[in-house]
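Read the structure below first, then the notes.
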Amino acid sequence: CVQTTRHLTKRGIAFTEVDVDDDPGTRLALDYLGLSSLPVVVVATALGEQTWNGYRPDRIDALAVAA
């Protein structure tokens, strides 16, 4: 999670963190989607919603280029 937040910050991408331990509804939604490892990143783009889990610098970089 720390790497993801650092990379998002470095690339100038605004984000909101949600602590799934404090938000049972979010935990249930992630379980429903089959996303069992953290961090989970959800991004709304002009082409639709992107969702992935784990540290993915390639996807973060792609978001920065598209912005």
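Can you name every residue in the stretch 1-20 that is assigned to a loop (DSSP other than H, G, I, E, B) and under 13 Å from the mean Cα position of the chain (by Cα)?
Cys1, Ile13, Ala14, Phe15, Thr16, Glu17, Val18, Asp19, Val20
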Exercise for the section: Mind counting the residues in the stretch 21-67 that are open to solvent by 40 Å² or more (accessible area, probe 1.4 Å), more than 24 Å from Lys10 (Cα to Cα), outside any helix (DSSP H, G or I) and of a type outside the set (Ser, Thr, Tyr)? Expected result: 4
Practice task
Evaluate the following for Ile60: is it in contact with a His (Cβ under 6 Å, 6 or more places away or on another chain) and in contact (Cβ under 8 Å) with a residue 40 or more places away in the chain?
Solution key: yes
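The values are calculated or read from the model by the stated rules, or taken from the named source; none is laboratory data. Everything quoted here is computed from the prediction, not taken from an experiment. As a convention, Cβ positions derive from the backbone with ideal geometry for all residues, glycine included, and neighbour counts pool all protein chains shown. To get the accessible areas, we keep the full protein, side chains included, count just its heavy atoms, and leave off ligands, DNA and RNA. Shrake-Rupley method; radii C 1.70, N 1.55, O 1.52, S 1.80 Å.
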